[in-house]
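Each remark here refers to the structure printed beneath this line.
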Amino acid sequence: MSARMKSRLEVTGIYAVIALMFIIIFYPLLWTFGLSLNEGTNLYSSSIIPENLSFEHYIWLFTDPASNYVTWYKNTLIVAATVSIVATFFVALTAYSFSRYRFRGRKYGIYTFLILQMFPVLMGMVALYILLNTVGLLDSLLGLILIYLGGAIPMNAFLVKGYFDTIPKELDESARIDGAGHFSVLFKIMLPLAKPILAVVALFNFMTPFMDFLLPSIILRSEENFTLALGLFNFVNDQFSNNFTRFAAGSVLIAVPIATVYLLLQRWLISGLTSGATKG
């Protein structure tokens, strides 16, 4: 086999794999979007290409008092924005401490972060439930936010630390010679240079409350406190429920805030995704 023919076969194979991945990823998305535009609420009478396009389900989500969709959307945005901002700030502080300072327990602290990532969150659900119930934060958005914040630090601190380690320490020393303190070095030098990895952390923490169903289902009990994932699940889980098209419409709208945040952070995301885990 000639080198030219071998090269063509390799290129053909690459494009075939890309096409297969494209189908696997986009086929469910197309079905969800098409389902949301079908009339009625029945799954089996719907099709991926509706015969009669209808936006009745989107209108129902925002206008019918029985849907509670607007309340769930507001709850999720509050949780997502709070977790994204606060978690990114504390992750930056934690990563900076482990990257720039030498203190007793530093080595074992890093190992602890790595070990904690090995265990699924499900293992701590009973303890988290009892803890929140003890402090009176069960069935509250504040309790959910605190759990998300606690889980975000060990998962992301090691990632950000690897990025901080690539920033030359000479910059810190030069700033301290000019009279800069610890917080000046962090906020004026480290954080501006670490925008790519911080953008990744902020996006991932923003996405989590929109996608997570398990944790809210254990903590939240009142329907007015539900997040989108938990509320939409009840559209198709309750007895005699047959709201698959409304479920699809609500699912499609979840992409709006995530896409907005992604577009705002995209200039830093690509470099951040490829840096934190491979450097240091």
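The values are calculated or read from the model by the stated rules, or taken from the named source; none is laboratory data. Everything numeric here is computed off the predicted structure, so don't read it as measured data. In this analysis, Cβ positions are derived from the backbone assuming ideal geometry, glycine residues included, and neighbour counts consider all displayed protein chains. For the accessible areas, the whole protein counts, side chains as well, though only heavy atoms, and no ligand, DNA or RNA atoms are used. Shrake-Rupley method; radii C 1.70, N 1.55, O 1.52, S 1.80 Å.
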Is there a residue being assigned to a helix (DSSP H, G or I), closer than 29 Å to Trp268 by Cα, without any contact (Cβ under 8 Å) to a residue 24 or more places away in the chain and among the hydrophobic types (A, V, I, L, M, F, W, C) anywhere in the range 135-147?
yes
Filter the range 191-202 down to the residues that are surrounded by fewer than 22 Cβ atoms within 10 Å (Cβ to Cβ), in contact (Cβ under 8 Å) with a residue 40 or more places away in the chain and not basic (Lys, Arg) and list them by number.
Leu191, Pro196
Single residue of Ile85, Ile24 found to be assigned to a helix (DSSP H, G or I), without any contact (Cβ under 8 Å) to a residue 24 or more places away in the chain and among the aliphatic types (A, V, I, L, M):
Ile24
Taking the range 93-117 on its own, how many of its residues are at pLDDT 85 or above and either β-branched (Val, Ile, Thr) or touching a Leu at 6+ places or on another chain (Cβ under 6 Å) (or both)?
2
Can you spot a residue in the range 171-178 that is in a loop (DSSP other than H, G, I, E, B) and of a type in the set (A, V, I, L, M, F, W, C)?
no
Looking for whichever is of a type in the set (Val, Ile, Thr) and either in contact with a helix residue (DSSP H, G or I) (Cβ under 6 Å, 6 or more places away or on another chain) or open to solvent by 100 Å² or more (accessible area, probe 1.4 Å) (or both) here; the options are Thr12, Thr63, Thr82. Which one fits?
Thr82
Residues of the range 149-167 being open to solvent by 20 Å² or more (accessible area, probe 1.4 Å) and either modelled with pLDDT of 90 or more or over 16 Å from the mean Cα position of the chain (by Cα) (or both), in sequence order, are Leu149, Phe158, Lys161, Tyr163, Asp165, Thr166
Could you check the range 94-123 and list, in sequence order, the residues that are open to solvent by less than 50 Å² (accessible area, probe 1.4 Å) and part of a helix (DSSP H, G or I)?
Thr94, Ala95, Tyr96, Ser97, Phe98, Ser99, Arg100, Arg106, Gly109, Ile110, Phe113
Per the list (1) within 19 Å of the chain's Cα centre (by Cα); (2) open to solvent by less than 90 Å² (accessible area, probe 1.4 Å); (3) over 20 Å from Thr166 (Cα atoms), residue check on Thr88 breaks on (3)
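So that you can scan it fast, the table gives a plain yes or no per residue for (1) free of Cβ contacts under 8 Å to residues at least 40 places away in the same chain; (2) assigned to a loop (DSSP other than H, G, I, E, B):
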position	(1), (2)
Arg4	yes, no
Val17	yes, no
Ser46	no, yes
Pro50	yes, yes
Asn75	no, no
For the range 124-134, enumerate the residues that are surrounded by 13 or more Cβ atoms within 10 Å (Cβ to Cβ), without any contact (Cβ under 8 Å) to a residue 24 or more places away in the chain and aliphatic (A, V, I, L, M).
Leu131
Within the range 223-252, can you find the residues that are open to solvent by 30 Å² or more (accessible area, probe 1.4 Å) and hydroxyl-bearing (Ser, Thr, Tyr)?
Ser241, Ser251
